[in-house]
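Student: Below is a structure I'd like to ask you about.
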Amino acid sequence: MSRLTFHNTTLHLLLALLTGLGLGLAYSWFISPVTYVDANPAILRADFKDQYRVVIAASYASTHNLPRARARLELLNDTDPIGELSAQAQRMVGLGESLERVQPLAQLATDLQQGFASVSPTATHFTNTNIFNTPNIETTVDELSATQTPTNQLMEEATPFPTLSFEQTPLVPIQVTTSTPRPTFTPIPRPGGPFILVGQDSICEPGLPSSLLQFILMDGRRKQVPGIEIIVTWSQGEDRFFTGFKPELGNGYADFVMQADIIYNVRVVEGGAFVPNISAPSCTDPNGVKYSGGLLLTFQQP
Amino acid sequence: MTSSNLIKIAIAISIGIALGLIYGWVIDPIEYTDVPPNILREDYRVDYVLMVAEAFQNDHNPETAARHLASLGSEPPATITTSALEYANRNGFTQNEILALQNLLTAMQMIQPPGINNP
């Protein structure tokens, strides 16, 4: 009997403990969860990350400071920042966004891919290409003290260094003592003369997607040009896209998948080059089986 | 049930609640993954405003700048920019960066916040 009473009491206590645990969890997870007030960009909602990238690219279009743009993109913690930029640019084109808004993203993706800014940062308002205040997710006050020592020593010779006394991870306080005169603004070079079709090559490679229409646009120095709009029209539709959204294949590269037995017309918007009557060529593989091959159109400015 | 048992049960519930709170707030708190920019840490917010200011130096489009700043919260763009400028001054931003923020502030002060009608 006493054993039964003991078991009963223990069961009650266990149930009471579990009830309390459940109440505590419910309160801490649902009624009053931990409130985030110091979030980092990596946990932003996807649409806000998109906007963050747009702002990074717009800033880069002004400063041409590639290391800083790269550091800012790293804050978003994307596994493939360049791919994300390209994908977002393509999504924006698909949604009908203006070239003015899309081109900075494509330009930044292209410059990150090639590893240098298309336009020198010294020609803009902002002259410090490698010293900047972009916060770093991983950086703490102690790490700052350790890693910034050489820079700090140089700067302390000129001006007193601010005390790192705030609770949150601070920006790297950097004093630039030399006054740099504001240079004149140099715009991004725009394409010059009209693009002329200089090559039209059938591509019969079974490994490539069938009926792939590829474009390469180059300037007069045979340097590939990103951000050029191409319009492909056919009897029942039209598609518009830009070069440079696949920087891994070339800054002036773009492609389009054709349908077999459909005739297409191609127009390069800037410069007005027009190529009519394009269709997928017929190819034959080593076994004698026919398939739709690809086509490479190469345009160049004079 | 005796009163001593009731006390024991009350103590067990209290211990359970305490354990639950510790687990829910400290050990495994709710992880936020889709947050809006208005809860970004201050230095990230300021860097965002600085990016908007840098972009404004290039496109001179106050509407676009105000639209970008609006994602940082319901405060007027000028207030957001003022806070960023104060932070920049406190934390030794470069002259160019402060100048960019000042230019943005000037432009944002000219923007009429939405919802406020002119007399």
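None of the figures in this text is laboratory data; all of them are computed from the coordinates on show. Keep in mind the model is a prediction, meaning the values are calculated, not measured. In this analysis, Cβ positions are derived from the backbone assuming ideal geometry, glycine residues included, and neighbour counts consider all displayed protein chains.
Student: Across the residues of B:53-63, average count of Cβ atoms on other protein chains within 10 Å?
Tutor: That works out to 5 on average.
Student: Would you mind ranking B:54, A:248 by Cβ crowding within 10 Å, fewest neighbours first?
Tutor: By the 10 Å Cβ count, ascending, the order reads A:248, B:54.
Student: To continue, here is another question. Compute the relative contact order of chain B as a whole-number percentage, counting only Cα pairs closer than 8 Å that sit 6 or more residues apart in sequence.
Tutor: 25 percent
Student: Return, ordered by residue number, the residues of the range B:32-71 whose backbone nitrogen is under 19 Å from a label point located 7 Å along Cα→Cβ of residue A:42.
Tutor: Of the residues in the range B:32-71, B:32-48 have backbone N under 19 Å from the label point off residue A:42.
Student: How big is the equivalent ellipsoid of chain B along its three axes, where each semi-axis is √(5λ) from the Cα gyration tensor, reported in whole Å from largest to smallest?
Tutor: Working from the Cα gyration tensor, I get semi-axes of 50, 17, 12 Å.
Student: Let me ask something else about it. Taking every residue in A:42-53, how many Cβ atoms of other protein chains lie within 10 Å of its Cβ, on average? Intermediate results must be reported in sequence, preceding the final value.
Tutor: On the way: counts 2, 7, 10, 6, 2, 3, 7, 2, 0, 5, 7, 0.
Neighbouring Cβ atoms belonging to other protein chains average 4 per residue here.
Student: I need the GluC sites (Glu not before Pro) found in the range A:61-116, filtered to DSSP loop residues with at most 16 other beta carbons within 10 Å of theirs.
Tutor: A:97
Student: Per residue of B:84-95, what is the mean number of Cβ atoms on other protein chains within 10 angstrom of that residue's Cβ?
Tutor: Whole-number average of other-chain Cβ neighbours for B:84-95 is 5.
Student: Can you give me the relative contact order of the range A:41-123 as a percent, contacts being Cα pairs under 8 Å and 6 or more apart?
Tutor: Once divided by the residue count of the range A:41-123, the mean separation gives 38 percent.
Student: Want the number for residue B:6 to residue B:103: 0.36 nm per residue separation, take away the alpha-carbon distance, what's left?
Tutor: Full extension from residue B:6 to residue B:103 adds 28.0 nm.
Student: OK, next. Counting Lys and Arg as +1 and Asp and Glu as -1, each charge on the Cβ, what is the dipole of the range B:1-94 about the Cα centre in debye, to the nearest 20? Don't skip to the end; give the middle numbers.
Tutor: Numbers: 5 positive and 11 negative charges, 105 e Å.
Here the range B:1-94 has a charge dipole of around 500 debye.
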